[in-house]
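Novice: Please find one structure pasted underneath; my questions will follow.
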Amino acid sequence: MSFQRLLKISVTTLGLLVLFVGSSPPAAGQQQLWTLVEETRRGDFGDVTDFGSIAAVAPIEDKLFVADGRNLLVHAFDRRLRPVGLFGRKGSGPGEFRGLAHIGGREDTIYTYDHRLLRLTLFTSSGDVIWTLSDVPIMPGENTPPHARAYLDDGSVLIAGGGAYGTAGNGLHRLDSASGQRVQLITLNPERHIPVAIVQIGRIRSAVSRPVNRADRWAVSPGGDLIVVLRQGGSPEGATGAIVLAVTPSGDTAWSTSLNPPPMPITEAGRQLAEDRLESYAAGFSKRHGVPHREVREAFAALLDLGDYQLAFDRLVVGRKGAVLLRRGSYGLESAEWWRLVDGDLTAKFTLPSAHEIVAADGTRIWSVTKGRLDEPVLVQWSAR
C-alpha cells in the first residue's frame, strides 16, 4: 500500500468525520501497565544547573543532551543526570547560537539547528564543531523559514517546511548538504486541516488557534531514522480514532496502525481553561490593534464552542529505537494517560501529571519538563516499572 494512500483521510467541513486506512489494532491484553518512578531532576531552584528554557532534549548513546534556547547553551548529562559537558554561547561564529531550536544526533555526532541563523551545525559529543550548513534555504512551495530536523547517514539533511500556523507545510524535504538542492519531498499533510478561526473586526482579520490542540501531528526520532505521523479528528457526537504511520527518511512505510480509544469528554475545568486562554488572546488582539476589548471578546465568543469530546491524542513523542509515545486528550485534566507503541504495537500504558510534558524517551527511561517553585524549567528523569 502506498504512502499516499495510507495518509488519505477524508475530512468533512462540519463534522470532521475521519476515515482511516491502516492495520488492525493490537489485541487486548498485550500491553503492560507501567508505573513511572522519578529518579532525579535538574534545574530546580538552588540546583547547580540553571536552564533558561528547554527547547529540545535528545538521548544519544549513554548521554542526554539538552538545548537551552534562552541561554543558548547545550548541556550534556550522563544517564543519572549528572553534568558532564557544556558548550555553545551567544554569537554568530562557529559553535555559537542566536536561536537554538533543535538538537538530535546518533553515536558520537550531535546536530543543532539555529532558527535565527538558519544554520545546521554538527558537533562531536564533547562540543567540537565538525561541519556547518549555513543559510538553509526556504524549500520550494513554502513561504516561511525552514527548520532542520535531522542530519542523515548519507549526508543529506531533513528539513521541515515552514507551513502556516506551525504545521509541516508541504511536508519534509531532504536536502543534499553538498549542493544545497532538494532531492526528495516526503508528503505529510496531503489534506491538511488546520483548526483555526478567522476573526474579523471591522477591517482587521486575524487567524486564531482554537483552544484544543490541532489534530494532525508529526515528529522525527532523535537520530532522524524514523518519521511518525499522527492523523485524527473529532466531532460533536464523539471523538474518532487515529492512525499512526511511521516512515523512513526515504518515504518507505515502516509500519502503520489504527487506534480507537473510548471518547474522552471535555470537563468543566477544560472549558474554563479554554475560556481563560481565549480571554488572553482577546486582550492581546485588543492591545495590538486598538480595538475595544468588548468587541473583540464578542467576536471570539464562538471559539468557546468546544463540542463535548477531546481529540483522541494531543501529544506525540518519538523516542530512540522506534518507540512512540502518545498522550490521550488531557485538556483541563490533572493527570494524563500515555500510550507506548513499538513497531505499531501497543505495548504499555502509564499516567503522568499533566504538569509534566514528556520530551524524550529511550527504552523504559523517560524525560519530562515541568515548572519549579519559581516557574523555572525543570527536567525530570523517570524510569518505568
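Novice: Going through segment 43-87 one residue at a time, which ones are within 18 Å of the chain's Cα centre (by Cα), farther than 17 Å from Ala361 by Cβ and not aliphatic (A, V, I, L, M)?
Specialist: Matches in segment 43-87: Ser53, Asp68, Gly69.
Novice: Among what's in segment 310-354 and is touching a strand residue (DSSP E or B) at 6+ places or on another chain (Cβ under 6 Å), among the aliphatic types (A, V, I, L, M) and modelled with pLDDT under 90, pick the residue that is surrounded by the fewest Cβ atoms within 10 Å (Cβ to Cβ).
Specialist: Step by step, filter segment 310-354, then rank; the result is Leu311.
Novice: What residue, of Gly93, Gly88, Gly105, is among the small types (Gly, Ala, Ser) and in contact (Cβ under 8 Å) with a residue 60 or more places away in the chain?
Specialist: Values: Gly93 fails: in contact (Cβ under 8 Å) with a residue 60 or more places away in the chain; Gly88 fails: in contact (Cβ under 8 Å) with a residue 60 or more places away in the chain.
Sole residue among the options that is among the small types (Gly, Ala, Ser) and in contact (Cβ under 8 Å) with a residue 60 or more places away in the chain: Gly105.
Novice: Just to be sure I understand the filter: pairs with C-beta atoms under 9 Å, separated by 6 or more residues or on different chains, first member in segment 285-311 and closer than 30 Å to Pro263 by Cα, second member among the aromatic types (Phe, Trp, Tyr) and at pLDDT below 80. Which pairs pass?
Specialist: From segment 285-311, the pairs are Phe300/Tyr281; Leu303/Tyr281; Leu306/Tyr331; Gln310/Tyr331; Leu311/Tyr331.
Novice: Would you confirm whether any residue within segment 3-15 is among the charged types (D, E, K, R) and modelled with pLDDT of 95 or more?
Specialist: Going through segment 3-15, the residues among the charged types (D, E, K, R) turn out to be 5, 8.
Then drop every residue that is not modelled with pLDDT of 95 or more, which leaves none.
So far as segment 3-15 goes, no, none of its residues is among the charged types (D, E, K, R) and modelled with pLDDT of 95 or more.
Novice: Is at least one residue of segment 189-207 at pLDDT 80 or above and either crowded, with 21+ Cβ neighbours inside 10 Å or under 30 Å from Ala299 (Cα atoms) (or both)?
Specialist: no
Novice: Can you give me the number of residues within segment 58-73 that are β-branched (Val, Ile, Thr) and modelled with pLDDT of 95 or more?
Specialist: We begin by selecting, within segment 58-73, every residue β-branched (Val, Ile, Thr); these are 60, 66.
Retained after the next criterion (residues that are modelled with pLDDT of 95 or more): 66.
Counting residues in segment 58-73 that are β-branched (Val, Ile, Thr) and modelled with pLDDT of 95 or more gives 1.
Novice: Looking at Gly307 and the list (1) part of a strand (DSSP E or B); (2) surrounded by fewer than 20 Cβ atoms within 10 Å (Cβ to Cβ), which single condition is not satisfied?
Specialist: Every listed condition holds for Gly307 apart from (1).
So that you can scan it fast, the table gives a plain yes or no per residue for (1) within 25 Å of His102 (Cα to Cα); (2) part of a strand (DSSP E or B):
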| site | (1), (2) |
| --- | --- |
| Leu316 | yes, yes |
| Leu325 | yes, yes |
| Tyr331 | no, no |
| Glu337 | no, yes |
| Arg340 | yes, yes |
| Leu352 | yes, yes |
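The rows are residues; the columns are (1) surrounded by 20 or more Cβ atoms within 10 Å (Cβ to Cβ); (2) within 19 Å of the chain's Cα centre (by Cα); (3) modelled with pLDDT under 75; (4) not hydrophobic (A, V, I, L, M, F, W, C).
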site: Asn213; (1), (2), (3), (4): no, yes, yes, yes
site: Val220; (1), (2), (3), (4): no, yes, no, no
site: Pro249; (1), (2), (3), (4): yes, yes, no, yes
site: Pro265; (1), (2), (3), (4): no, no, no, yes
site: Leu303; (1), (2), (3), (4): yes, no, yes, no
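Novice: Keeping to segment 59-76, report how many residues are closer than 17 Å to Gly319 by Cα and outside any loop (DSSP other than H, G, I, E, B).
Specialist: Here is the first cut: in segment 59-76, the residues closer than 17 Å to Gly319 by Cα are 59-67.
Checking the rest, the ones that are also outside any loop (DSSP other than H, G, I, E, B) come to 59-60, 63-67.
Here the count works out to 7.
Novice: Within segment 88-135, how many residues turn out to be surrounded by 19 or more Cβ atoms within 10 Å (Cβ to Cβ), in a strand (DSSP E or B) and either among the aliphatic types (A, V, I, L, M) or over 22 Å from the mean Cα position of the chain (by Cα) (or both)?
Specialist: The qualifying residues number 6.
Novice: (1) crowded, with 18+ Cβ neighbours inside 10 Å; (2) under 25 Å from Leu122 (Cα atoms); (3) at pLDDT 80 or above: which one isn't true of Asp176, the others all being true?
Specialist: (1)
Novice: Something else now. For segment 358-385, what are the residues that are surrounded by 15 or more Cβ atoms within 10 Å (Cβ to Cβ) and acidic (Asp, Glu)?
Specialist: Across segment 358-385, the qualifying residues are Asp362, Glu376.
Novice: Looking at (1) under 20 Å from Thr40 (Cα atoms); (2) out of contact with any Leu (no Cβ under 6 Å at 6 or more places or on another chain), find the lone condition where Trp382 falls short.
Specialist: (2)
The values are calculated or read from the model by the stated rules, or taken from the named source; none is laboratory data. In this text, all values refer to a predicted model and were calculated from it rather than measured experimentally. No Cβ is skipped: glycine too gets one built from the backbone with ideal geometry, and neighbour counts run over all protein chains shown.
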